[in-house]
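Undergrad: After the structure tokens below, expect a handful of questions from me.
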Amino acid sequence: MSREAQKLDSAADGAVGIGVLSLDLLGQVLDRLREPRDRKACRLVSRAFERAEVAHRRALRVLRREPLPRLLRAFPALERLDLSACASLDDASLSAAVAGAGGGLAGLRSVCLARANGVGWRGLEALVAACPKLEAVDLSHCVSAGDREVAAVAAAAGLRELRLDKCLAVTDMGLAKVAVGCPRLEKLSLKWCREISDIGIDLLAKKCPELRSLNISYLEVGNESLRSISSLERLEELAMVCCSCIDDEGLELLSKGSDLLQSVDVSRCDHVTSEGLAALIDGRNFLQKLYAADCLHEIGQRFLSKLATLKETLTMLKLDGLEVSDSLLQAIGESCNKLVEVGLSKCSGVTDEGISSLVAQCSDLRSIDLTCCNLITNNALDSIADNCKMLECLRLESCSLINEKGLKRIATCCPNLKEIDLTDCGVDDAALEHLAKCSELRILKLGLCSSISDKGIAFISSNCGKLVELDLYRCNSITDDGLAALANGCKRIKLLNLCYCNKITDTGLGHLGSLEELTNLELRCLVRITGIGISSVAIGCKSLIELDLKRCYSVDDAGLWALARYALNLRQLTISYCQVTGLGLCHLLSSLRCLQDIKMVHLSWVSIEGFEMALRAACGRLKKLKMLCGLKTVLSPELLQMLQACGCRIRWVNKPLVYKD
Amino acid sequence: MEGRMTSLEATMKASSTMASSMVRNADPDQQTLRSNSVEQFYFPRPGQSLPGIPPFFGPPSSSLYLPNDNEAKFGNQFESNPSQNTDWDPQAIVSNLTFLEQKIKQVKDIVQSMNNRENQVAGGSSELAAKQQLITADLTSIIIQLISTAGSLLPSMKNPLLSSNPAVRQLGNTLGSPMGFGMNANQRPSVDSKTDIPDTGKTSDYDELMNNLNTAQDERDELIKCPNPCGGEGSEPTPMEDHDVKESDDGGEGENLPPGSYVVLQLEKEEILAPHTHFCLICGKGFKRDANLRMHMRGHGDEYKTPAALAKPTKDSGADHAPVTRYSCPFVGCKRNKEHKKFQPLKTILCVKNHYKRSHCDKSYTCSRCNTKKFSVIADLKTHEKHCGRDKWLCSCGTTFSRKDKLFGHVALFQGHTPALPMEDVKVSEASEQPHDSEPMNEMARSMVYSFPSSSSDGISNLDMKMADDVRGYFSPLSFDPCFGALDDFTRPGFDISENPFSFLPSGSCSYGQQNGDS
């Protein structure tokens, strides 16, 4: 519990003090509490705060469907509702909850239903009908959502923001429904809606003139779409990743469009060349972000000269996968000296000289991506450190020529460093000792740096208390002591990867149990851990959402029982190759009401009946399932049908059973 | 009358004798013969045109008489000049002349047959009068065709001759490009061209010829125009809107022929509505297929039994040399009517037929599937029936489209219209029935819905269509109208009898009494 909460706690003891404050003031107090955990503490200790929260609460994220009706009734002032993690939400429960809330949803502006596979058009229709002020809906990754679902959403005439990423069944018809139904649409993402074609985009452009942001990534649309899009006068952002039918001609059409265009993403558009980009830049004086990853093979002189016209505005340039030369990097540096973010991932030909001449001009750089630029050495790091004092993010994966000296310079000169990726760089404890100076560090990736030991972890833990993500993949020198230090120093860790750190035992997991905020934990191939360690994690890490126990051969039913009992928020679980039985599996699957995704390949100890029973118990909740191919024929067809009917996708794998250490 | 005919015949023969020595190409002849036979028999309409107009064979035919000296000069011009021209096409001339020759033979045959019958059948005077009317109508049309073909002989040599021979130039002006049948007199370019040519005075002979021809043309104009006022029902000369939306295939749209560069023919309503398109030039019997007509022609004499005459006419030959002919709709006020200010001619007889039926006739064919769409052209009905019910792209306004882009164009155009999803009807009923059903039920319901999308998008649409169809229920596979087969051939019994151009003749009264159907 944070200090603020404790303070309020003590205030609540003298309940009179809190009671005299108006609900409004208390609401203001609550608004200033950032952590949900702290708000919960307030709510629980003081009725005044509870009342204030009821009146003031604007946002709600629901994790289970059972309390949904009650919650919707309880918070009449809701504006944002997040149901993306609401387990086994379906049409019936959603419409019942909406109906039960009465007019309580009248103020709702934003609903997130990402990955809510079970919700169909009936539920959406009820929801939209109850929320007259609805402005934003997120249906992304509802893979079974189609035209009918989208049509139900399109009934919200005031909609301004809509995400339909990976709604695989949406076609032009659904898009037309949206285009006609929501004329004030400003933001729309159609990523992965592969059925949508040029004529759908054309109608959209005609009917929704207010569009400011549009994502048509991965669509099979061509230049005609860009012609239509160029009629959108307010367009600011356009993403078209991997639109292989789009070429320079389309970009030229686009260049005649909106003057407000700020961000263009043509990553992985195979047919786009620098000539097309030059044409696009021509006259676009406000262009700020240009993503051209993995699409350019060479940079023409014309592009460079056009780039220079964006000197004042361009802040973001991504050129991943391009073959660059020192002179090119120098030219970019001279053209765009306001760059804040530069991406040169997998660019061949990036040398120390190139980087030096680039960063010498761009002192505002905050993010530099040099993934797989394996020619660079400490010299490059030195020049980065000298020039980019504001650096926050540095990605150096596979840059194996760097060592602790370069990192020392970085750590000393860039105090704001928040993220550093040193995967496969072969750095050692000495480097971590220097990096520990960066107290702002949030994300640290040290995968495959096998020379890192508990000592290095101890350095990090001593000073990087804000660390949120730590990747120690295959750092197999790390032992339980390292985890003890980590759990002691970095209490805020949410994502932890310990795969193949096979010296870790149950004792280490016991230390991890103190990480209350841990959400994602990967323990793949930790052969020494057993159910006891799992139990301590399950009990301690209350926020655990994702757990990977693949090839933890010693984990048995005891671990599953613990998970079933304590890890109530668990959504994704991998127990492939574990020594569990049908009984444990049944218990696990019937107890974990949030579990949506389970991978259980090669559970040799589980009988067919065990699988059958377990899956029946979890039927309405599972969204993703990975099982051995052989089970396909022996499991009852009704069960499989039922699973699919509930929106569960089953991935059948056919792998031999091989034990690895 | 017969005397006049023979003189006319002589005139025509004189103009075509020069071709007699040339090789006769059978196929092109056949082609021109065929194509003209159609026009010819559509053209005069004995039953109704006769009473309305001044005597056919009075002044007009006399004005068609050309003095022999003129004729000789005319012919001489032809013979003397060809060598001078580089782009002068002897083939075209030959084929045109052969055509003229044939026409003259036809005239001769008709007159002869008339003569014979007059001797044989001394029957009722009314019958005889009717026959005479018929024959005169035939004659008129043949003569008109003669003139038009004769006129077309000149344009091909007009330009090269212009400098050398003013007379021919004038002839060309008169007969050539402005040789428009049914051209209004004030549009005739010959009037303008006369002022342009300084040495008109020297060619008084040709002036006379020209004037003669002009008068003939005037007469023809009258002949052509006159059926309209007495055209019967539905032809009130009130200006009307162009409501023929589907005219794009009626022809004449894309081509921008300058007015006067083509001959305008105007068929009459009855001919347009007649079921047949190929008519025997001798007895007038109608056929649906040219092949059948050719078989029929064998009965009219040995000259039709030659392999050349029986051979299928090839398309390309002769087509270039025939006068550019365009058609006018008889409906006054129609944009396709030659009186219209922005007259757009129709390209072929088929275009005329389709246009007239679509625009000025009742839509008597109803689709038996949807019972709403009506058509006046049977082919349109068939086209529609191919797609009826399969128009799966539905707008909220109820309009259906066979193609998605059409629907989207429609939706883009009209405010508030939105595409309708196929299963909408089902959806509403289901939703009202069980909004908050129990979980297992709901899951089963979802299993029905969800199990399909997993297959493919096509699967969905098919499924949706099937269900939507069942809901609407307006067609089951069994509800095909059994009379379709009959419609295929011909639809309205009695139609062919009452509206046939020759139906006024008592059946069986003479050898060319109409008997419909393919022989």
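Undergrad: Carbon and sulfur: what percent of segment A:235-311's accessible surface (1.4 Å probe)? Working shown, then result.
TA: Details: 1450 of 3210 Å².
That fraction is 45 percent.
Undergrad: Suppose accessible area is computed on protein heavy atoms with a 1.4 Å probe; arrange A:Y659, A:Y500, A:Y473, A:Y566 from highest to lowest.
TA: Values: A:Y659 135, A:Y500 35, A:Y473 70, A:Y566 95 Å².
Ranking A:Y659, A:Y500, A:Y473, A:Y566 by accessible area, largest first, yields A:Y659, A:Y566, A:Y473, A:Y500.
Undergrad: Okay, moving on. Got a number for the accessible area of A:D382? Probe 1.4 Å, square angstrom, nearest 10.
TA: 40 Å²
Undergrad: Remind me, relative contact order of segment A:57-211 in percent, using alpha carbon pairs under 8 angstrom and six or more residues apart? The partial results should precede the final answer.
TA: Details: 388 pairs, mean separation 25.7, N = 155.
Answer for segment A:57-211 is 17 percent.
Undergrad: Could I ask something else about it? Which order do A:W192, A:W605, B:W393, A:W561 take when ranked by solvent-accessible area (1.4 Å probe, heavy atoms of all protein chains), largest first?
TA: A:W605, A:W561, A:W192, B:W393
Undergrad: Need one value for A:140-152: mean number of C-beta atoms belonging to other chains within 10 Å of its residues' C-beta atoms. Let's see the in-between values first.
TA: Numbers: counts 0, 0, 0, 2, 5, 1, 7, 8, 9, 0, 1, 6, 1.
Mean shielding count: 3.
Undergrad: Would you work out if segment A:315-402 is rounded, prolate or oblate? Take a ≥ b ≥ c from the square roots of the eigenvalues of the alpha-carbon gyration tensor; rounded if a/c is under 1.5, else prolate when a/b is larger than b/c, oblate otherwise.
TA: Values: a/c = 1.37, a/b = 1.17, b/c = 1.17.
In terms of gyration-tensor shape, rounded.
Undergrad: Amide H of A:L188 versus every other amide H placed in the peptide plane: which residues, excluding those fewer than 5 positions away on the same chain, fall under 5 Å?
TA: A:L162, A:S213, A:L214, A:N215
Undergrad: How well do other chains shield peptide A:168-176, expressed as the mean number of their Cβ atoms within 10 Å of each residue Cβ?
TA: Values: counts 3, 6, 1, 6, 6, 11, 2, 2, 10.
Averaged over the peptide's residues, the number is 5.
Undergrad: Can you tell me the relative contact order of chain A? Whole percent, Cα pairs under 8 Å, sequence separation 6 or more. Could the numbers behind the result be given before it?
TA: Numbers: 1796 pairs, mean separation 31.6, N = 661.
The normalised contact order for chain A reaches 5 percent.
Undergrad: Going Cα to Cα from A:K503, which lysines come in below 21 Å? Please leave out same-chain ones fewer than 8 positions away.
TA: A:K445, A:K455, A:K550, A:K660
Undergrad: Label-point separation (nm) for B:K406 and A:K389, each offset 7 Å from Cα along Cα-to-Cβ?
TA: It works out to 6.9 nm between the two label points.
Undergrad: Any idea how far apart A:S305 and A:N654 come out in nm if each label point goes 7 Å out from Cα toward Cβ?
TA: 5.9 nm
Undergrad: Over the heavy atoms of A:R122, what accessible area does a 1.4 Å probe trace out, to the nearest 10 Å²?
TA: Surface open to solvent at A:R122 totals about 30 Å².
Undergrad: Using only atoms on other chains, find how many Cβ atoms lie within 10 Å of each Cβ of peptide B:405-417 and report the average. Could the numbers behind the result be given before it?
TA: On the way: counts 6, 1, 5, 12, 4, 0, 7, 10, 1, 1, 3, 1, 2.
Mean number of neighbouring Cβ atoms from other chains: 4.
Undergrad: If R0 is 45 Å, what FRET efficiency do you get for B:A311 and B:C361 from their C-beta distance, rounded to 0.05?
TA: Values: r = 37 Å, r/R0 = 0.81.
Using R0 = 45 Å, I get an efficiency of 0.80.
Undergrad: Which peptide among A:166-177, A:127-138 comes first, and what is the full order, when sorted by highest mean count of other Cβ atoms within 10 Å? If you can, show how the numbers build up before the last one.
TA: Numbers: A:166-177: 25.2, A:127-138: 20.5.
The most tightly packed comes first, giving A:166-177, A:127-138.
Undergrad: In what sequence, largest accessible area first, do B:Y327, A:Y553 appear using a 1.4 Å probe? Walk me through the numbers on the way to the answer.
TA: Working: B:Y327 10, A:Y553 35 Å².
Sorted descending by solvent-accessible area, the residues read A:Y553, B:Y327.
Undergrad: With a 1.4 Å probe and every protein chain left in place, tell me how much accessible area A:C425 has, in Å² to the nearest 10.
TA: Using a 1.4 Å probe on the heavy atoms, I get roughly 0 Å².
Undergrad: Show me the ranking of peptides B:352-360, A:389-397 by mean Cβ neighbours inside 10 Å, starting with the highest. Please report the intermediate quantities before stating the final value.
TA: Details: B:352-360: 23.1, A:389-397: 20.6.
Going by the mean number of other Cβ atoms within 10 Å, highest first, we get B:352-360, A:389-397.
Undergrad: Now, a different point. Through the Karplus equation 6.51 cos²θ - 1.76 cosθ + 1.60, θ set to phi - 60°, convert the phi angles of segment A:462-475 into ³J(HN,Hα) values in whole Hz; use x for Gly and Pro.
TA: Along segment A:462-475, the couplings run 5, 10, 9, x, 8, 4, 10, 10, 9, 10, 10, 3, 6, 8 Hz.
Undergrad: Note every residue of segment A:48-96 with a reduction of at least 40 square angstrom in accessible area, all protein chains present versus the isolated chain, computed with a 1.4 Å probe, or write none.
TA: A:D90, A:A92
Undergrad: Ok, one more. Filter A:K207/A:K289; B:K103/B:K338; A:K206/B:K406; A:K418/A:K624 down to the pairs with a C-alpha to C-alpha distance above 22 Å, please. Walk me through the numbers before you get to the answer.
TA: Numbers: A:K207/A:K289 27 Å; B:K103/B:K338 27 Å; A:K206/B:K406 15 Å; A:K418/A:K624 34 Å.
Violating the 22 Å Cα-Cα cut-off are A:K207/A:K289; B:K103/B:K338; A:K418/A:K624.
Undergrad: Starting from the 7 Å offset along Cα-to-Cβ, what nm value, one decimal, do you get for the label separation of A:K542 and B:C370?
TA: 6.4 nm
Undergrad: In whole percent, and with a 1.4 Å probe on the protein chains, what portion of the accessible area of segment A:315-402 is carbon and sulfur? Provide the component values of the computation, followed by the final result.
TA: Numbers: 1270 of 2970 Å².
Answer for segment A:315-402 is 43 percent, counting heavy atoms of protein chains only.
The values are calculated or read from the model by the stated rules, or taken from the named source; none is laboratory data. These figures come from a predicted structure and were not determined experimentally. All Cβ positions, even for glycine, are placed from backbone atoms using ideal geometry, and neighbour counts span all protein chains on display. These accessible areas exclude ligands, DNA and RNA; they are computed on the full protein's heavy atoms, side chains included. Shrake-Rupley method; radii C 1.70, N 1.55, O 1.52, S 1.80 Å.
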